[in-house]
Amino acid sequence: MADINEIIKEENLVYSKSKILTDNIMSYCPGCTHGVVHKLVAEVIEEMNIQEKTIGVCPVGCSVLAYKFLNIDIQQASHGRAPAVATAVARLKPDKYVFTYQGDGDLASIGTGEIIHACNRGENIVVIFINNGIYGMTGGQMAPTSLIGMPTSTSPYGRDAKLAGNPLKITELIAQLPGTTFVTRQAAHTPAAVRKCKKAILKAFENVGNKKGTSFIEVVSTCSSGWKLSPVKSNEWMVEHMLPFYQLGDLKDE
Amino acid sequence: MAKVKGAIKVDVEKCKGCSLCVVVCPSKVIALAKEVNGKGYNYAYMANPEECTGCTNCAMVCPDSVIDVYRVKAQVGA
Ligand SMILES: Cc1ncc(C[n+]2csc(CCOP(=O)(O)OP(=O)(O)O)c2C)c(N)n1
Ligand code: SF4
Ligand code: SF4
Ligand code: SF4
Ligand SMILES: [Mg+2]
């Protein structure tokens, strides 16, 4: 039987942290999907060898500190405005790979106008949309994406459609816009989902290189703190409740 | 006969004890330690190292990217 120390040797290494991730400890709660998606973005940038050519735009939400975790150029934007800032960056620097990284409170609420118009104009950017159905950063308030019946700190008895309207499938709206070339909904809770999600992110960044317009990737995510469940239970809750409503798969691939 | 053997190395101080690696390991290799790290988290470790195949499932889902995976082809019975 091989000794562990015989296996743990440099030449046998088959998986390790991407070099695009910094050594800072991520500020996210245990099990947070933001960490998994950061890793996938980092791996894609590393594999495409575009570290020097990538500019991220990160607005407000738990991922507001993404610049501490991704070793690339990142421009901060105010809440919801990342698509507008990314428009400017991508137009001024057309040889760069520009992406936004936005939560659902950010993209589907305060920033609805910005995202719809950037996608409608077909700005040559990647949009990464972390949909955890809640305002994570500010303490788990209801988001436009919260499910009917979902308890949040501002809907403790569950979201009521009569009072708060219906959950918004903004990705389906985005897919209608002629400016978008690739619109997909992914998840990152299993190894298979992680592999697929990474492929989608890779395709989106390649689309920017090929000047194809806007590529939009929703990642159905968890927020164990906001949902008040353990990370493992959060994934189970997501599979049981989020995925039947937010169905995974490509909505558009041109 | 050659058999694939694996091992993982966890960056203990950065692990947040979320257990996502524990539940995706097909060989039930990983458990959380009774001890805690400097941040107070029960960190992941190989409780059952003989069973690791180096499949990388655990590392792929780890939100904090703190798992390194190693793999060798070992001779069974050697
Ligand atoms: C203009 C403005 N309005 C409100 C806020 C407060 N605020 C900070 S984060 C946030 C919601 C974030 O939710 P989401 O985008 O879903 O990100 P998550 O934390 O869930 O990843 C809000 C409303 C702010 N920072 N700026
Ligand atoms: S509050 Fe939610 S979204 Fe924010 S870091 Fe914690 S788990 Fe992640
Ligand atoms: S998935 Fe990563 S952070 Fe979570 S318990 Fe395992 S090693 Fe620790
Ligand atoms: S590499 Fe595979 S077998 Fe080994 S601990 Fe990780 S998930 Fe389990
Ligand atoms: Mg959110």
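The values are calculated or read from the model by the stated rules, or taken from the named source; none is laboratory data. Please read these numbers as outputs of a predicted model, since none were measured by experiment. Cβ coordinates were reconstructed from backbone atoms using ideal geometry, including for glycine residues, and neighbour counts include every protein chain displayed. Please note that ligands, DNA and RNA were not included when accessible areas were found on the heavy atoms of the full protein model with its side chains. Shrake-Rupley method; radii C 1.70, N 1.55, O 1.52, S 1.80 Å.
Please work out which residue is surrounded by the fewest Cβ atoms within 10 Å (Cβ to Cβ), limiting yourself to the stretch B:58-78 and to residues that are over 19 Å from residue A:13 (Cα atoms) and more than 14 Å from ligand 3 (Cβ to nearest atom).
B:77
What residue, of A:194, A:239, is open to solvent by less than 40 Å² (accessible area, probe 1.4 Å), outside any strand (DSSP E or B) and within 14 Å of another protein chain (Cβ to nearest Cβ)?
Result: A:194 is the single residue among A:194, A:239 that is open to solvent by less than 40 Å² (accessible area, probe 1.4 Å), outside any strand (DSSP E or B) and within 14 Å of another protein chain (Cβ to nearest Cβ).
Being crowded, with 24+ Cβ neighbours inside 10 Å and either under 14 Å from residue A:128 (Cα atoms) or at pLDDT 95 or above (or both) narrows it down to one residue among A:59, A:94; which is it?
Just one listed residue meets the conditions, A:59.
Just to be sure I understand the filter: pairs with C-beta atoms under 7 Å, separated by 6 or more residues or on different chains, first member in the stretch A:214-240 and free of Cβ contacts under 8 Å to residues at least 60 places away in the same chain, second member aliphatic (A, V, I, L, M) and open to solvent by 10 Å² or more (accessible area, probe 1.4 Å). Which pairs pass?
A:237/A:229
Of everything in the stretch A:50-69 that's over 18 Å from residue A:89 (Cα atoms) and more than 16 Å from ligand 5 (Cβ to nearest atom), which residue is farthest from the other protein chains (Cβ to nearest Cβ)?
Here the residue is A:68.
Taking the conditions exactly as written (away from ligand 3 (no atom under 16 Å from the Cβ), hydroxyl-bearing (Ser, Thr, Tyr) and surrounded by fewer than 24 Cβ atoms within 10 Å (Cβ to Cβ)), does residue A:135 satisfy them or not?
Spelling it out, it is not the case that residue A:135 is away from ligand 3 (no atom under 16 Å from the Cβ), hydroxyl-bearing (Ser, Thr, Tyr) and surrounded by fewer than 24 Cβ atoms within 10 Å (Cβ to Cβ).
Residue by residue through the stretch B:15-31, note down the ones that are touching a Phe, Trp or Tyr at 6+ places or on another chain (Cβ under 9 Å) and either facing chain A (nearest Cβ under 8 Å) or among the hydroxyl-bearing types (Ser, Thr, Tyr) (or both).
Within the stretch B:15-31, B:16, B:17, B:18 meet the criteria.
Return the total of residues in the stretch A:106-123 being under 24 Å from residue A:96 (Cβ atoms) and either open to solvent by less than 10 Å² (accessible area, probe 1.4 Å) or not in a helix (DSSP H, G or I) (or both).
8
Please verify whether the stretch A:124-146 includes one or more residues that are within 14 Å of chain B (Cβ to nearest Cβ), within 13 Å of ligand 2 (Cβ to nearest atom), touching a residue at least 24 places away in the same chain (Cβ under 8 Å) and part of a strand (DSSP E or B).
Yes, some residue in the stretch A:124-146 is within 14 Å of chain B (Cβ to nearest Cβ), within 13 Å of ligand 2 (Cβ to nearest atom), touching a residue at least 24 places away in the same chain (Cβ under 8 Å) and part of a strand (DSSP E or B).
Determine whether residue A:211 is in contact (Cβ under 8 Å) with a residue 12 or more places away in the chain, outside any strand (DSSP E or B) and open to solvent by 30 Å² or more (accessible area, probe 1.4 Å).
Criteria met by residue A:211.
Can you tell which of A:126, A:183 is among the aliphatic types (A, V, I, L, M) and in contact with a Leu (Cβ under 8 Å, 6 or more places away or on another chain)?
Selected residue: A:183, the only one of A:126, A:183 that is among the aliphatic types (A, V, I, L, M) and in contact with a Leu (Cβ under 8 Å, 6 or more places away or on another chain).
Looking only at the stretch B:32-57, filter to residues that are crowded, with 16+ Cβ neighbours inside 10 Å and farther than 22 Å from residue A:12 by Cα; which one of those is nearest to the other protein chains (Cβ to nearest Cβ)?
It comes out as B:41.
Any idea which residue in the stretch A:80-98 is farthest from the chain's Cα centre (by Cα), counting only those that are part of a helix (DSSP H, G or I) and small (Gly, Ala, Ser)?
So the residue we want is A:88.
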